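What follows is a single structure, written as structure tokens, with notes after it.
The values are calculated or read from the model by the stated rules, or taken from the named source; none is laboratory data. Quick caveat, the model's predicted, so the values are computed rather than measured. Cβ atoms come from the backbone with ideal geometry, glycine included; neighbour counts cover every protein chain shown.
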Amino acid sequence: MADATWTRWSRYRVLRVQLLEDSLPDEISEQDWRDTWFFAGGTSVRLDEEWTLRCGIGWDQSPTRHSTRTPRTPANSGLLFAAGGSWRPSPTINVAVAFSHFIIESARIDLESSDTGNATRGDLSGSSRNAVDTLTLQVVWGF
């Protein structure tokens, strides 16, 4: 199995929060994200009529740019590893379980008070390290 996905993130330019209080200015954060690619490949092995094993690997490109990355979206590119399996005890019941681990590259955050929307926030310099683990259980029962 293989997947290649292009996402048009470049249309996401600005995050604007309009406040109900007229005396307060809108909260504006420049996003300026770029279009990205996601590539993945995997395999599925059917052991017998009841059991199937699956595994795969993927690479996800970050839409965020170094100059506009914020603590709200500290995303960066990374590798995704996944494994799982399914058990079909009867033609109408299927139980599947999967685990994935997404290793995200460290991301620098360098924002200046002169940037759009940062006048009241000030300068911010730092980095983020992220990882995501997902465990999924699915039970399908049909007639």
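Points to keep in mind about this one:
- Matching option when the condition is touching a residue at least 12 places away in the same chain (Cβ under 8 Å), more than 27 Å from Ala131 (Cβ to Cβ) and of a type in the set (A, V, I, L, M), among Ile103, Ile109, Ile93: Ile93
- Hey, Pro89 more than 20 Å from the chain's Cα centre (by Cα) and either at pLDDT 90 or above or exposed (fewer than 12 other Cβ atoms within 10 Å of the Cβ) (or both) or not: yes
- Val45 in contact (Cβ under 8 Å) with a residue 60 or more places away in the chain and hydrophobic (A, V, I, L, M, F, W, C): no
- Test: residue in segment 62-73 that is surrounded by 13 or more Cβ atoms within 10 Å (Cβ to Cβ), part of a strand (DSSP E or B) and either on the phi > 0 side of the Ramachandran plot or of a type outside the set (S, T, N, Q) (or both): no
- Put simply, of Ala107, Ala98 the only residue that is of a type in the set (Gly, Ala, Ser), farther than 21 Å from Glu27 by Cβ, assigned to a strand (DSSP E or B) and at pLDDT 90 or above is Ala98.
- Every condition in (1) out of contact with any strand residue (DSSP E or B) (no Cβ under 7 Å at 6 or more places or on another chain); (2) at pLDDT 95 or above; (3) surrounded by 13 or more Cβ atoms within 10 Å (Cβ to Cβ) is met by Arg121 except one, and the failing one is (2).
- Matching residues, segment 31-61, being closer than 30 Å to Arg88 by Cβ, of a type in the set (A, V, I, L, M, F, W, C) and outside any loop (DSSP other than H, G, I, E, B): Phe38, Phe39, Ala40, Val45, Trp51, Leu53, Cys55, Ile57
- Any chance Ile103 is among the β-branched types (Val, Ile, Thr) and farther than 17 Å from Arg46 by Cβ: yes
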